1. Just give me the residues in the range 16-33 being of a type outside the set (S, T, N, Q), in contact with a Ser or Thr (Cβ under 9 Å, 6 or more places away or on another chain) and in a strand (DSSP E or B), in sequence order.
2. Tell me, please, whether a residue that is in a strand (DSSP E or B), under 17 Å from I13 (Cα atoms) and modelled with pLDDT under 90 can be found in the range 98-106.
3. Quick one: in the range 52-65, of everything that is part of a strand (DSSP E or B) and either without any contact (Cβ under 8 Å) to a residue 60 or more places away in the chain or not polar (S, T, N, Q) (or both), which residue is surrounded by the most Cβ atoms within 10 Å (Cβ to Cβ)?
4. Kindly establish whether N111 is more than 19 Å from T28 (Cα to Cα) and either at pLDDT 85 or above or within 16 Å of the chain's Cα centre (by Cα) (or both).
5. Please enumerate the residues belonging to the range 66-89 that are free of Cβ contacts under 8 Å to residues at least 60 places away in the same chain, surrounded by 13 or more Cβ atoms within 10 Å (Cβ to Cβ) and not aliphatic (A, V, I, L, M).
6. Taking the condition within 16 Å of F142 (Cα to Cα), crowded, with 16+ Cβ neighbours inside 10 Å and among the aromatic types (F, W, Y), does Y39 pass?
7. Take the residues of the range 38-51 that are part of a loop (DSSP other than H, G, I, E, B) and under 15 Å from the mean Cα position of the chain (by Cα): which is nearest to N65 (Cα to Cα)?
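The values are calculated or read from the model by the stated rules, or taken from the named source; none is laboratory data. What you see is a predicted model, and the numbers here were worked out from it, not measured in a lab. Ideal geometry is used to build each Cβ from the backbone, glycine not excepted, and the neighbour counts take in all protein chains shown.
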Amino acid sequence: MLNFLFSKKRTSIPNNWCGEWIDKNGKTLFIQNTKHSFYTVSIKDQSGNPYQIELLDDDKKDTTNLTANFSEDSNKNPVLQVEAGVVSIGPTYNLLFAYKKRDGDYRLARNTDSIKDIVILPNVGIGLYDDYEDDLGVPWAFPLEDFKKV
């Protein structure tokens, strides 16, 4: 169970948190700071190919250069919220930066933490598809695995 507490609303991440992250299945995230606390995020499979997102209007787009900004999850924790569908409609791919403690528990990452001890915990937010299917419209996001900095 993850319980995070924080005192300040985070609006940006440290520059060294940008860059490439990888999960144990070979899925990669590339986070790039644009300006004013907005980011672009690219999500690729283990072969380096961007995943395809199928939208309701039968259009498809890939997961290269998705827009992201800071928001809060349902527990009021700051997350980098990636628009993984139609902007402002969803679904979203939420990335929480956490510090993995020696006892295996997590807390919110701080800019003073060593990057080797920080993981990204991904989660999917409902949005465009509100029928509550297991994949919430983004089957490529599953299984949800921690990301480590490359």
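1. E20, W21, I22, L29, F30, I31 - these are the residues of the range 16-33 that are of a type outside the set (S, T, N, Q), in contact with a Ser or Thr (Cβ under 9 Å, 6 or more places away or on another chain) and in a strand (DSSP E or B).
2. Looking through the range 98-106, none of the residues is in a strand (DSSP E or B), under 17 Å from I13 (Cα atoms) and modelled with pLDDT under 90.
3. If we take residues in the range 52-65 being part of a strand (DSSP E or B) and either without any contact (Cβ under 8 Å) to a residue 60 or more places away in the chain or not polar (S, T, N, Q) (or both), then I53 is surrounded by the most Cβ atoms within 10 Å (Cβ to Cβ).
4. Numbers: more than 19 Å from T28 (Cα to Cα): yes; either at pLDDT 85 or above or within 16 Å of the chain's Cα centre (by Cα) (or both): yes.
Judged against the criteria, N111 is a match.
5. Result: T67, N69, S71, D73, Q81, E83, G85.
6. When the stated conditions are applied, Y39 does not pass them.
7. The residue in question is Y51.
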